[in-house]
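To keep things clear, I will list the structure first and then write my remarks on it.
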Amino acid sequence: MPIIINKEQAVEIMTNQGGKIFSVIFEKRSTGLDRKMVCIKKKPLNNNGLKYSPREHNLLNVFDMSISEYRSVNLEGVKKIKASGKEYVVRW
């Protein structure tokens, strides 16, 4: 049975995975469609940094395991997370 959490708890769960793989379902900003991503929260290998602050745009940068590239999760659109053997559903 899924655990009901809020947005802040969802962000905390994703950022505190300690290099563990997790999945997230969220609504894409560009299309409004749901996207499922299997990812890991880790620091980028390059030291160039980003030209924007992901937090200021309600984004979380993660490494997408299926395409081996960094992607951003829309934190306002997170619906479901599976992490550490538990399933979480986000309620606003």
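The values are calculated or read from the model by the stated rules, or taken from the named source; none is laboratory data. This one's a predicted model, so the numbers in the text were calculated from it and none came from an experiment. Methodologically, a virtual Cβ is constructed for each residue, glycine included, from the backbone with ideal geometry; neighbour enumeration extends over all protein chains shown.
What single numbered condition from (1) at pLDDT below 95; (2) out of contact with any His (no Cβ under 9 Å at 6 or more places or on another chain); (3) small (G, A, S) fails to hold for S72?
So the condition that S72 fails would be (2).
Hey, among T15, T31, which residue is at pLDDT below 95, of a type in the set (V, I, T) and under 14 Å from the mean Cα position of the chain (by Cα)? Even if it seems obvious, please write down each step before you answer.
On the way: T31 fails: under 14 Å from the mean Cα position of the chain (by Cα).
The unique qualifying residue is T15.
Yes or no, residue by residue, for (1) surrounded by 13 or more Cβ atoms within 10 Å (Cβ to Cβ); (2) aliphatic (A, V, I, L, M); (3) assigned to a strand (DSSP E or B):
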| position | (1), (2), (3) |
| --- | --- |
| E56 | no, no, no |
| V62 | yes, yes, yes |
| I67 | no, yes, no |
| Y70 | yes, no, yes |
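Might you check whether a residue that is modelled with pLDDT of 95 or more, of a type outside the set (K, R) and on the phi < 0 side of the Ramachandran plot occurs anywhere in segment 40-58? Lay out the reasoning, then the answer.
So the first thing to find is which residues in segment 40-58 are modelled with pLDDT of 95 or more, and the list is 40.
If we keep only those that are of a type outside the set (K, R) as well, we get 40.
Filter once more, keeping what is on the phi < 0 side of the Ramachandran plot: 40.
Within segment 40-58 (the criterion being modelled with pLDDT of 95 or more, of a type outside the set (K, R) and on the phi < 0 side of the Ramachandran plot), the answer is yes, since at least one residue qualifies.
For segment 75-84, give me the residue count where each residue is at pLDDT below 95 and either closer than 13 Å to S23 by Cβ or in a loop (DSSP other than H, G, I, E, B) (or both).
1
Working carefully through the options V38, V89, V62, find the one that is in contact with a Lys or Arg (Cβ under 6 Å, 6 or more places away or on another chain), within 19 Å of G18 (Cα to Cα) and not basic (K, R). Write out each step before concluding.
On the way: V38 fails: in contact with a Lys or Arg (Cβ under 6 Å, 6 or more places away or on another chain); V89 fails: within 19 Å of G18 (Cα to Cα).
Step by step, each of V38, V89, V62 is checked, and only V62 is in contact with a Lys or Arg (Cβ under 6 Å, 6 or more places away or on another chain), within 19 Å of G18 (Cα to Cα) and not basic (K, R).
Look through segment 17-36, keep the residues that are free of Cβ contacts under 8 Å to residues at least 40 places away in the same chain and surrounded by 11 or more Cβ atoms within 10 Å (Cβ to Cβ), and return whichever of them is farthest from E76 (Cα to Cα).
For segment 17-36, the residue satisfying everything is K36.
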